[in-house]
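Asker: Take a look at this one; I'll ask things after.
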Amino acid sequence: MAVTPLVELVGAGYAYEDGPAVLSGVDFGIAEGRALVLLGRNGSGKTTLMRLLSGGLRPGSGTLRLGGADVAYDRKGLVRLRTSVQLVVQDPDDQLFAASVEQDVSFGPMNLGLPAAEVRERVDAALAALDITALRDRPTHLLSYGQRKRAAIAGAVAMAPRVLILDEPTAGLDPDGQERLLDVLAGLRAAGTTVVMATHDVDLAVRWADDAAVLTPSGIRTGPAAELLSEPELLASAGLRSAWAPVVGAFLRARGVLADGVPGPRTPEELAALGS
Ligand SMILES: Nc1ncnc2c1ncn2[C@@H]1O[C@H](COP(=O)(O)OP(=O)(O)OP(=O)(O)O)[C@@H](O)[C@H]1O
Ligand SMILES: [Mg+2]
């Protein structure tokens, strides 16, 4: 029996005011515990899809389901959705608005009406998870871009969502910042949060994701990331380059360095380790 996705769009369509349909007839679910990556060209609808899944936009047709039940777009329904699904938007400046990091991160939990002690606990934990405890009292507008990204993610983490959706979280981060973010996401996943991210970085997608969803002009293709992201036609239709890892894996298998069925290296470090 198929497991009910945590959150799911069924036959969903969306068009911005006076615009053409961005998405139509979309069936798309987020399965608990799976690392899911969303890929597609600029303007293909990744951000729109994420906003539909997190309740920022309401589908023009079709439905959004949370735990199998249709989401009601009233206050109660939206609070329930937002405590389950949190979106971190592409640009941290669209997300941060409070004067200090602590105020910003505590806004969501406070708005849920949680007791002050629990708000404090959640904020402490979120700041620690993102390694920005030292920035607690800093004005958000004085933070660097990478620090603002972290603060924005901390705000979503403090809501303790079951699903955390991140819109291009690694864009604009330096390589070390990207690695540290991946560590943060691994920690969240280990603690039971389901993580979804949009990215244009196919190598990151292959390395990080269990599943991939690729937005193409003919619809959304979903499946295991390693398989989907080895399909040249699919990648081309989504304006993506080939990932290195599947090509390296195939090369090593053809040369007998890797046995069939053994997963190939996904990072330069894993490739180097094969030779040692
Ligand atoms: N607020 C808006 N009003 C009108 N049209 C919009 C709005 N936001 C997005 N669109 C349009 O909807 C389509 C999908 O945009 P969306 O932002 O979802 O794409 P995306 O896949 O996230 O792109 P990118 O990779 O550039 O972030 C685009 O054609 C875009 O111009
Ligand atoms: Mg986008």
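The values are calculated or read from the model by the stated rules, or taken from the named source; none is laboratory data. All of these numbers come straight from a predicted model, not from anything done at the bench. Here the Cβ positions follow ideal geometry from the backbone for every residue, glycine too, while neighbour counts run over all protein chains shown.
Asker: So which residues in region 122-137 are assigned to a helix (DSSP H, G or I) and among the basic types (Lys, Arg)? If you could, list the steps in order and put the result at the bottom.
Answerer: Start the filter on region 122-137 by keeping residues that are assigned to a helix (DSSP H, G or I), which leaves 122-129, 133-135.
ARG122 - this is the single residue of region 122-137 that is assigned to a helix (DSSP H, G or I) and among the basic types (Lys, Arg).
Asker: Among (1) more than 16 Å from ligand 1 (Cβ to nearest atom); (2) modelled with pLDDT of 90 or more; (3) polar (S, T, N, Q), where does SER237 come up short?
Answerer: Exception for SER237: condition (1).
Asker: Based on what the data block shows, is LEU166 aliphatic (A, V, I, L, M), surrounded by fewer than 22 Cβ atoms within 10 Å (Cβ to Cβ) and within 16 Å of ligand 1 (Cβ to nearest atom)? Talk me through it step by step, then tell me what you get.
Answerer: Details: aliphatic (A, V, I, L, M): yes; surrounded by fewer than 22 Cβ atoms within 10 Å (Cβ to Cβ): no; within 16 Å of ligand 1 (Cβ to nearest atom): yes.
So LEU166 does not fit the description; no.
Asker: Do you know which of the residues in region 37-76 that are free of Cβ contacts under 8 Å to residues at least 40 places away in the same chain and among the basic types (Lys, Arg) is farthest from TYR14 (Cα to Cα)?
Answerer: We begin by selecting, within region 37-76, every residue free of Cβ contacts under 8 Å to residues at least 40 places away in the same chain; these are 43, 48, 51, 55-56, 58, 69-76.
Filter once more, keeping what is among the basic types (Lys, Arg): 51, 58, 75-76.
Working: ARG51: 11, ARG58: 8, ARG75: 21, LYS76: 23 Å.
My answer is LYS76.
So that you can scan it fast, the table gives a plain yes or no per residue for (1) out of contact with any Gly (no Cβ under 8 Å at 6 or more places or on another chain); (2) within 30 Å of GLY43 (Cβ to Cβ); (3) of a type in the set (Lys, Arg); (4) touching a residue at least 40 places away in the same chain (Cβ under 8 Å):
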| residue | (1), (2), (3), (4) |
| --- | --- |
| PRO92 | yes, yes, no, yes |
| ALA98 | yes, no, no, yes |
| LEU112 | yes, no, no, yes |
| ASP124 | yes, no, no, no |
| ASP131 | yes, no, no, yes |
| LEU135 | yes, no, no, no |
| LEU143 | yes, yes, no, yes |
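Asker: Follow-up question, since we're still on this one. Tell me, which residue of region 213-228 that is away from ligand 1 (no atom under 12 Å from the Cβ) and crowded, with 19+ Cβ neighbours inside 10 Å is nearest to ALA35 (Cα to Cα)?
Answerer: It comes out as ALA225.
Asker: I'm checking my understanding of the structure. Among residues of region 3-16 that are modelled with pLDDT of 95 or more and of a type in the set (Val, Ile, Thr), which one is farthest from ligand 1 (Cβ to nearest atom)? Walk me through it before giving the result.
Answerer: Applying the first criterion (modelled with pLDDT of 95 or more) to region 3-16 yields 6-16.
Pick out the ones that are also of a type in the set (Val, Ile, Thr) and you get 7, 10.
Values: VAL7: 18, VAL10: 19 Å.
The qualifying residue farthest from ligand 1 (Cβ to nearest atom) is VAL10.
Asker: Output the qualifying pairs, or none if there are none: Cβ atoms under 9 angstrom, residues six or more apart or on different chains, first residue in region 263-276 and of a type in the set (Val, Ile, Thr), second residue in a helix (DSSP H, G or I).
Answerer: Taking only residues 6 or more apart or on different chains, the pairs are THR267/ASP203; THR267/ARG207; THR267/ALA245.
Asker: Related question: Of the conditions (1) touching a helix residue (DSSP H, G or I) at 6+ places or on another chain (Cβ under 9 Å); (2) closer than 30 Å to VAL26 by Cβ; (3) of a type outside the set (D, E, K, R), PHE107 satisfies every one except a single condition; which number is it?
Answerer: (2)
Asker: Still on this structure, I have one more. Scan region 17-68 for residues that are more than 15 Å from the chain's Cα centre (by Cα), near ligand 1 (Cβ under 9 Å from one of its atoms), within 23 Å of PRO224 (Cβ to Cβ) and among the charged types (D, E, K, R) and jot them down.
Answerer: The one that is more than 15 Å from the chain's Cα centre (by Cα), near ligand 1 (Cβ under 9 Å from one of its atoms), within 23 Å of PRO224 (Cβ to Cβ) and among the charged types (D, E, K, R): ARG41.
Asker: Only one of these conditions is not met by ARG75: (1) farther than 30 Å from HIS141 by Cβ; (2) modelled with pLDDT of 95 or more. Which number is it?
Answerer: Single failed check for ARG75: (2).
Asker: Limited to region 158-173, what total is found for residues that are touching a residue at least 60 places away in the same chain (Cβ under 8 Å) and either within 14 Å of THR194 (Cα to Cα) or in contact with a Pro (Cβ under 9 Å, 6 or more places away or on another chain) (or both)? Can you show your working first?
Answerer: Here is the first cut: in region 158-173, the residues touching a residue at least 60 places away in the same chain (Cβ under 8 Å) are 159-169, 171.
Going one step further and asking which of them are either within 14 Å of THR194 (Cα to Cα) or in contact with a Pro (Cβ under 9 Å, 6 or more places away or on another chain) (or both), we end up with 159-166.
Count: 8.
Asker: Separate question: Output the residues belonging to region 241-250 that are buried (at least 20 other Cβ atoms within 10 Å of the Cβ) and part of a loop (DSSP other than H, G, I, E, B).
Answerer: ALA243
Asker: Could we say that LEU53 is closer than 28 Å to ASP201 by Cα, in contact with a strand residue (DSSP E or B) (Cβ under 7 Å, 6 or more places away or on another chain) and not polar (S, T, N, Q) here?
Answerer: Details: closer than 28 Å to ASP201 by Cα: yes; in contact with a strand residue (DSSP E or B) (Cβ under 7 Å, 6 or more places away or on another chain): yes; not polar (S, T, N, Q): yes.
Criteria met by LEU53.
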